[in-house]
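The values are calculated or read from the model by the stated rules, or taken from the named source; none is laboratory data. What you see is a predicted model; the values in this text were computed from it and never measured. Every residue, glycine among them, receives a Cβ derived from its backbone with ideal geometry; neighbour counts consider all protein chains shown. Note: areas computed on protein heavy atoms with side chains; ligands, DNA, RNA excluded. Shrake-Rupley method; radii C 1.70, N 1.55, O 1.52, S 1.80 Å.
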Amino acid sequence: MTETDFLRLSRREVLEASVAAAALGVCTSAAAAPPEAAPALEGAAQPTFEVRFTVNGTPKTLSLDPRTTLLDALREHLHLTGSKKGCDHGQCGACTVMVGGQRINSCLTLAVMHEGDEVTTIEGLGAAADLHPMQAAFLRHDGFQCGYCTPGQICSSVAMLKEVEAGWPSHVTEDLGIAIDLTDAEIRERMSGNLCRCAAYPNIVAAIRDASEGGAL
Amino acid sequence: MTPFTYERAIDAAAAARAVAERPDAAFIAGGTNLVDLMKLGVARPKHLVDVSRLKLDTIAESEDGGLFIGAQVKNSALAADARVRGAYPLLSRALLAGASGQLRNAASTGGNLLQRTRCPYFTNTATPCNKRSPGSGCSALGGFNRIHAVLGASDACIATHPSDMAVAMTALDAQVRTVTGDGATREIPMSGLYRDPAQGPEAETVLTHGELITAVRLPPPPPGRQVYRKVRDRASYAFALVSVAAVVDARDGQVLGGRLALGGVAHKPWRVSEAEQTLGAESRPEASFAAAADAALKGAHGYGANDFKIDLAKRTIRRTLADAAGVSS
């Protein structure tokens, strides 16, 4: 069973299969359930499209319905559930990942558009035993409460500091012609695409400041 | 999302041809607006032609001293470009005032121009909307219309164009270059890109089906100081209630001339030549700024919840022109 096949079965189908198995007292396997029929497409050459990309340094090949967003490909097909689906409309930033080192909303882009791209998710930044300096800073400063927005906040902030390093101005940059002074106002403006409904913003800003001053990025 | 097929275009002409051949096909570039509208069921293309990999992602200096911006240049790259920051700070500022860091990294120059309105009735398929479903009526007319147009609107539609970038480009006299399905190219001035809603709000631009934006050309910058001011409900990551793109050429306290375009008030970036002609026509700068504000809002009328935009726009114009002229208001 491939990674994609595993999730081709919807939760409801899994439940139905389990309930049926329990009720009948027989053994069924997930693979025995009929696969969801792909909708017929007029003039379509093929219902799925193959995409090859690198995720957290590992080459991956997926065969996808083109409707699959990058976020759904990561979560549902590659089981990288660190990237979160908050609003699914590009308004909250919980799905932020890096593509080619730049932060984007993975919910607003189709996975098939990322042929050959290098994708980095929160899982690729660090691990429990080997935290990325930004992850460590968020822990140190208590930069979260429920934690749901945190992977997006961390991916966003790591890429944001690279934008600052590259000299990219922001809406609050006073002078477009000189080097950026990373004030708290700059951090807040540059992180405005990541909402935190627990409102841990003061600690998020402190964590980002700490990590940026640590120079370990 | 309605099912669709997908292809990645290899060059601009082939992309235009691929979309022109199918009435149900659409271009996709950054996807930040289209994917959202597809999820909502507002956009239902059956075939997507991906133009994001076309080699249209460079910014070059043109022979006349202007800039040539490829349609696939990302909003963040355009805002950060040293030539844009130096000669067209109005454009940098407008881009930086829009969206979020993540969205600017994905959104393209061409896509920004073609993004759809954020009118909540347009994006809600349960409500009538002439733009989404021609002939069904306009829910915003008697509805929640705080963000809607006070200029150029019609009873068919009072939606606003949401772009900041387009407002700056309009003030800078930008030209939009396109290629059509049969390979023909043309250049359209920003002032002629968007159609009036009274002509049918479902068609927002003069582009034909399959006509692809390949570049935006900026002529050399006009003389004077450039200022973009955006007024919105929160300090960041929100669409404009009113925005003002101003260029004012002032020397020794005297205003010689300038440019003025408004965002958030109409179906397109709103530029009024009568308003610009008042700049420098009065001996006192403040008087010419007030005259410009009145001329720009001439004929404006609100629909209830957005009445405030008329005064807000006038005040924002006066303040922004004063900033650009370097005089206190």
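Computed quantities for the displayed model
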item	result
The lone exception for A:D65 - which of (1) farther than 30 Å from A:G147 by Cα; (2) surrounded by 14 or more Cβ atoms within 10 Å (Cβ to Cβ); (3) touching a Lys or Arg at 6+ places or on another chain (Cβ under 9 Å); (4) at pLDDT 95 or above it fails	(3)
Spans of helices (runs of 4 or more DSSP H) in region B:46-154 with at least 3 residues away from every other protein chain (no Cβ under 11 Å) and at pLDDT 95 or above	B:109-114, B:120-123
Residue count, region B:195-235 (criterion: closer than 30 Å to B:A322 by Cα and of a type in the set (D, E, K, R))	7
Residues being surrounded by fewer than 24 Cβ atoms within 10 Å (Cβ to Cβ) and over 14 Å from the mean Cα position of the chain (by Cα) - total across region B:148-177	6
Single match in B:G183, B:G210, B:G200 (criterion: surrounded by fewer than 16 Cβ atoms within 10 Å (Cβ to Cβ), out of contact with any Asp or Glu (no Cβ under 6 Å at 6 or more places or on another chain) and at positive phi)	B:G183
Filtered residue count, region B:7-29, keeping only those that are within 8 Å of another protein chain (Cβ to nearest Cβ) and under 18 Å from A:S106 (Cα atoms)	1
Matching residues, region B:287-329, being open to solvent by less than 30 Å² (accessible area, probe 1.4 Å) and among the polar types (S, T, N, Q)	B:S288, B:N306, B:T316, B:T320
Test: residue in region A:176-196 that is touching a residue at least 40 places away in the same chain (Cβ under 8 Å), open to solvent by 30 Å² or more (accessible area, probe 1.4 Å), of a type in the set (K, R) and in a helix (DSSP H, G or I)	no
Qualifying residue in region B:259-279 (condition: aromatic (F, W, Y) and surrounded by 15 or more Cβ atoms within 10 Å (Cβ to Cβ))	yes
Hey, B:G302 under 22 Å from the mean Cα position of the chain (by Cα) and touching a residue at least 12 places away in the same chain (Cβ under 8 Å) or not	yes
Per-region count, region B:25-45, residues assigned to a loop (DSSP other than H, G, I, E, B) and among the β-branched types (V, I, T)	2
Evaluation of A:A21 against (1) within 13 Å of chain B (Cβ to nearest Cβ); (2) open to solvent by less than 40 Å² (accessible area, probe 1.4 Å); (3) at pLDDT below 95 (one fails), failing number	(1)
From the options B:S236, B:S288, B:S283, residue that is in a loop (DSSP other than H, G, I, E, B) and farther than 30 Å from B:C157 by Cα	B:S283
Number of the exception - B:S236 against (1) modelled with pLDDT of 95 or more; (2) more than 14 Å from chain A (Cβ to nearest Cβ)	(2)
Matching residues in region B:245-262 - criterion: being farther than 19 Å from B:V167 by Cα, touching a residue at least 40 places away in the same chain (Cβ under 8 Å) and in contact with a strand residue (DSSP E or B) (Cβ under 7 Å, 6 or more places away or on another chain)	B:A250, B:V255
Failed item in (1) surrounded by fewer than 23 Cβ atoms within 10 Å (Cβ to Cβ); (2) under 20 Å from the mean Cα position of the chain (by Cα); (3) more than 8 Å from chain A (Cβ to nearest Cβ), with B:D36 passing the rest	(3)
Qualifying positions in region B:288-320 - more than 26 Å from B:G253 (Cβ to Cβ) and of a type in the set (F, W, Y)	B:Y303, B:F308
Restricting region A:153-171 to residues that are in a helix (DSSP H, G or I) and within 9 Å of chain B (Cβ to nearest Cβ), the residue that is surrounded by the fewest Cβ atoms within 10 Å (Cβ to Cβ)	A:E163
Residue list for region B:156-167, restricted to those being in contact with a Pro (Cβ under 9 Å, 6 or more places away or on another chain) and either part of a loop (DSSP other than H, G, I, E, B) or over 19 Å from B:R271 (Cα atoms) (or both)	B:A156, B:C157, B:I158, B:A159, B:H161, B:S163
The lone exception for B:R116 - which of (1) over 22 Å from A:C95 (Cβ atoms); (2) under 15 Å from the mean Cα position of the chain (by Cα) it fails	(1)
Selection within region A:199-214 - more than 22 Å from A:A166 (Cα to Cα) and open to solvent by 40 Å² or more (accessible area, probe 1.4 Å)	A:A199, A:Y201, A:P202, A:N203
Pairs where the first residue, in region B:148-160, is on the phi > 0 side of the Ramachandran plot and the second is surrounded by fewer than 24 Cβ atoms within 10 Å (Cβ to Cβ), C-beta under 6 Å, 6+ apart	B:G152/B:A266
